[in-house]
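The values are calculated or read from the model by the stated rules, or taken from the named source; none is laboratory data. On a predicted model such as this, the values are computed, not experimentally measured, just so you know. Positions of Cβ are generated from backbone atoms using ideal geometry, with glycine treated the same way; all protein chains shown enter the neighbour counts.
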Amino acid sequence: MGFEIEKKNYPAVFCCDKGCGRWGGVIPDFECCFPCGDTLEETVTVAEQMIVFSCEDSLEYGEPIPEPTGMEEAKERFYAENPNASDVTFKMLNVEIKIPKKNIDETDFSTEEELCYNGILQPAGAMSN
């Protein structure tokens, strides 16, 4: 089975914990993704990986992947939920998600016309003896 690559841009919010110096993040379009790392760059990489894994997991279970929120909407929502937040960094994360192509076993052939297999797919009524 092959794959198609779909490029998406998801907003994320990052901040540095002044106490320990580590970075943490929030990805608004993914409820359970909270990346962390020693540097901003490391945390961004972890966030991108989390998005890809989350999307691949959703696809595996037949669930849709979230459509990206725009950056302005993400900022408005973040500040509405965190009015006292300061020293945060907003970034758009550019990810490539592998979307499996349907193969012949997964294709839905349920139409008004019944199909059969005789080396190639053809309408059942078209076969003559």
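Which members of region 57-104 meet the condition of being farther than 16 Å from D29 by Cα, within 14 Å of the chain's Cα centre (by Cα) and among the aliphatic types (A, V, I, L, M)?
I99
What pairs come up if the first residue lies in region 83-100 and is at negative phi, the second is among the β-branched types (V, I, T) and at pLDDT 95 or above, and their beta carbons are under 7 Å apart, counting only those six or more places apart or on different chains?
Taking only residues 6 or more apart or on different chains, the pairs are V88/V13; F90/V13; K91/V44; L93/V44; L93/I51; V95/I51; V95/V52; I97/V52.
Mind telling me which of the residues I97, I65, I51, I5 ends up being of a type in the set (A, V, I, L, M), out of contact with any Gly (no Cβ under 8 Å at 6 or more places or on another chain) and surrounded by fewer than 12 Cβ atoms within 10 Å (Cβ to Cβ)?
Within the list I97, I65, I51, I5, the selection yields I5.
Among the numbered conditions (1) surrounded by 17 or more Cβ atoms within 10 Å (Cβ to Cβ); (2) more than 22 Å from K98 (Cα to Cα); (3) out of contact with any strand residue (DSSP E or B) (no Cβ under 7 Å at 6 or more places or on another chain); (4) not small (G, A, S), tell me where C15 comes up short.
Here C15 meets the rest and fails (3).
Criterion first (at pLDDT 95 or above and within 28 Å of G2 (Cα to Cα)) does P64 satisfy it?
No; evaluated as a whole, the condition is false for this residue.
So for region 27-44 (the condition being of a type in the set (A, V, I, L, M, F, W, C), in contact with a helix residue (DSSP H, G or I) (Cβ under 9 Å, 6 or more places away or on another chain) and within 12 Å of L93 (Cα to Cα)), does at least one residue qualify?
yes
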